Amino acid sequence: LISGIFYDDLGESINQVAGLVLQAKQIGAPVEDATRAALQFTKVFTDQDPKAVLNAMNQLVSSGLVKNFKEAGDLLTVAFQNGANRAGDLLNTITTNATAFKDMGLTGKEAVGLITQGLDAGFKSANDVANSVTKIKQNVTNAAGNENSDVTKTLNMLGIANPADTGKAWSKDFIANVISSIQNAPVSESEKQKMLSNILGGKMGAKEFS
């Protein structure tokens, strides 16, 4: 198995392939598929650590954000091409937050899309976006039925209904709508920051929207 993968021009050395095969076994991943997917990815993105790639792919698959390691590789490839790793922390963010994304009803594509959108909107890192997405759900849920909440007042200003009030399922569209509505609100930058702070309970690494 190891030599077969290596002689398919994957991996920098037999030892590297062997280490990745061992890692795949240890985390319970389908060994050949997982090893090949990680090494195919790092063959293109040569600055990435295959072990970190394998961990991120495994979390994508095991959480249910994608169906298999091929889909995980395709998702990460598009994400890197679209700038989702511009802060250098996408793999770690996915490894840490994949289950939380799934619990929010997101697909892998939607989760990565939100990260990219957040970075485009001014967040400093993928991790900051992920933390913010989690915080939005928590704060919006807690604000349900409370008209005096700063979260509720901000959502009303943006013309966005609270899904915790309406009974609608959580989705990428709600979170994306909150981010883009604040970004495009016809108010001053300081007012946008106040809206963001109200929703997140803090800036969570965001810079001023522009």
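Quick notes
- Mean Cα-pair separation over length for the chain, i.e. relative contact order, pairs under 8 Å, 6 or more apart, %: 15
- Among G122, G64, G145: highest mean-square fluctuation, GNM of the chain, C-alpha pairs under 10 Å: G145
- Annotation for S190 and T107: the two label points, set 7 Å from Cα along the Cα-Cβ direction, are 4.3 nm apart.
- Heavy-atom accessible area ranking, 1.4 Å probe, most first, across D74, D89, D173: D173, D74, D89
- Coil-residue chymotrypsin sites (Phe, Trp or Tyr not before Pro) of segment 55-146, DSSP, other Cβ within 10 Å capped at 11: none
- Solvent-accessible surface (1.4 angstrom probe) belonging to M57, in square angstrom, nearest 10: 0
- Measuring nothing but how far apart in sequence close Cα pairs (under 8 Å, 6+ apart) lie, relative to its length, segment 143-195 scores a relative contact order of 27 percent.
- Less than 5 angstrom separates the built amide H of F123 from those of K207, all sequence-distant by 5 or more or on a different chain.
- With protein chains left intact and a 1.4 Å probe, residues in the chain average 48 Å² of accessible area per residue.
- Cα centroid of segment 28-48 to Cα centroid of segment 183-201, whole Å: 41
- Each Lys and Arg contributes +1 and each Asp and Glu -1, all at the Cβ; summed about the Cα centre of the chain, the dipole is approximately 300 debye.
- Over 26 Å between alpha carbons, listed pairs K109/K137; K51/K102; K137/K194; K25/K67; K102/K153: K102/K153
- Scattering profile of segment 28-149 at q = 0.16, 0.17 Å⁻¹ [log10 I(q)/I(0), Debye over alpha-carbon scatterers]: -0.71, -0.79
- Given their separation in residues at 0.36 nm each and the Cα-Cα distance between them, K25 and A161 gain 44.4 nm when the chain is fully extended.
- Stretching the chain fully between N177 and A52 yields a gain of 41.9 nm (0.36 nm per residue, less the alpha carbon separation).
- Spacing of the modelled spin labels on S62 and N92, each 7 Å from Cα toward Cβ, amounts to 1.9 nm.
- Its DSSP H runs of at least 4 residues, each contributing -39,500 (n - 2.57), put the calculated 222 nm mean residue ellipticity of the chain at -21000 deg cm²/dmol, to the nearest 500.
- Relative contact order, whole percent, for segment 72-196 stands at 23, derived from Cα pairs under 8 Å and 6 or more residues apart.
- Largest GNM mean-square fluctuation across K67, K168, K135, computed for the chain with C-alpha springs under 10 Å, falls on K168.
- Using a Gaussian network model of the chain in which every pair of alpha carbons under 10 angstrom is joined by a spring, one finds that among Q26, Q117, Q193 the greatest mean-square fluctuation is at Q26.
- Counting heavy atoms of the protein chains alone, R86 has an accessible area of about 120 Å² for a 1.4 Å probe.
The values are calculated or read from the model by the stated rules, or taken from the named source; none is laboratory data. From a predicted model like this one, the values you see are computed outputs, not experimental measurements. FYI the Cβ positions are ideal-geometry reconstructions off the backbone, even for glycines, and counts take in every protein chain you see. Side chains are part of the model used for accessible areas, which takes the heavy atoms of the whole protein and leaves out ligands, DNA and RNA. Shrake-Rupley method; radii C 1.70, N 1.55, O 1.52, S 1.80 Å.
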